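Each reported figure results from applying straightforward, stated rules to the coordinates on display, with no laboratory input. Remember, predicted model here, so these are calculated numbers, not experimental data. Here Cβ is always computed from backbone atoms with ideal geometry, including for glycine, and neighbour counts include all displayed protein chains.
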């Protein structure tokens, strides 16, 4: 969703600024902008970035079941009984959602199949996305 993309871009910029600052402090200002050559370090940086972006979703889903984009579309993530998703469910969802997308989006297309109409990562985590009624 576009609304979430803007927030994720800002969070990514903040993450990059923190990394650049830490690099300047530890390696010196001249080396701060140098490209990382270590594959292990690159993987650690990308993993950290993914965790930071996932934390945005987990915090939003735990707080009220919605991200900014979900609010705009009146969508809510919840358990089948109506309770907010647990932290474990939220983190599992963050790990499983890219897998749903990676196989030509089949995990997302799964939600078009009745009777459950849930994406594969929703089924895996025991959550559901519902459409909230309109309010005047």
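Counting other beta carbons within 10 Å of each residue's own, what order do 86, 21 fall into, fewest first?
21, 86
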FRET efficiency estimate (nearest 0.05) - Cβ-Cβ, residue 63 to residue 17, R0 22 angstrom: 0.35
Cα-based convex hull volume of segment 19-94 per residue, rounded to whole Å³: 124
Helix axis angle, 39-64 relative to the chain longest principal axis, alpha carbon, degrees: 40
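Quote the FRET efficiency, to the nearest 0.05, computed for residue 79 versus residue 5 with a Förster distance R0 of 25 Å and r equal to the Cβ-Cβ distance. Before the final figure, lay out each step's value.
Values: r = 27 Å, r/R0 = 1.06.
Once the sixth-power term is evaluated, E becomes 0.40.
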The chain: relative contact order in percent, alpha carbon pairs under 8 Å with at least 6 residues between: 21
Cα radius of gyration and Dmax for the chain (Å): 18.1, 59
Packing-based ranking, highest mean first, of 42-48, 75-81, 55-61 given that Cβ atoms within 10 Å are counted: 55-61, 75-81, 42-48
